[in-house]
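Some notes on the structure that comes next.
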Amino acid sequence: MRGLELAVGVALVGLGVRSLWYWARRPFEGTDVTDHVLYALYVTARVGLWFAFAGLFLLSASIPYEGRAFLDEFERYRWFLIVPIGLAALQLGAGWFLGRRGDREADEPEVGGPGARGSSGNEASRRP
């Protein structure tokens, strides 16, 4: 079983490196410092999830025992299960807040747009 755990762990590390490479090269055109911070948190959590899952498999592969002895030894590392949960929550929260910030700007009326004074919004359809 250790060979399978090592193979899955190494594959997940490879996917983490690929994800890091992909997201590091992706352009982000935020207008505010808060947008950049939220995007950095989102990308860090997204990439970190791959490495956290790889860590779980590699940690499991490093324990030489089987059965109940394996569970007793793995119990020392049960705190590590919080890491993927925390990263997933961070990714969800950062993505949600980043998405909500875009809605805030879209809800603001445009100057001289359809809601502007003296404009009925139908000028394009009127012909003299």
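Just so it is clear, none of the values below were taken in a lab; they were calculated from the coordinates. What you see is a predicted model, and the numbers here were worked out from it, not measured in a lab. Methodologically, a virtual Cβ is constructed for each residue, glycine included, from the backbone with ideal geometry; neighbour enumeration extends over all protein chains shown.
Odds and ends about this structure:
- Relative contact order of the stretch 2-107, pairs being alpha-carbon contacts under 8 Å that are 6 or more residues apart, as %: 39 percent
- Dipole size of the stretch 2-107 about its Cα centre, with +1 on Lys/Arg Cβ and -1 on Asp/Glu Cβ: approximately 200 debye, rounded to the nearest 20.
- Part-to-part distance (alpha-carbon centres) for the stretch 62-90 and the stretch 1-29, which is given in Å: 20 Å
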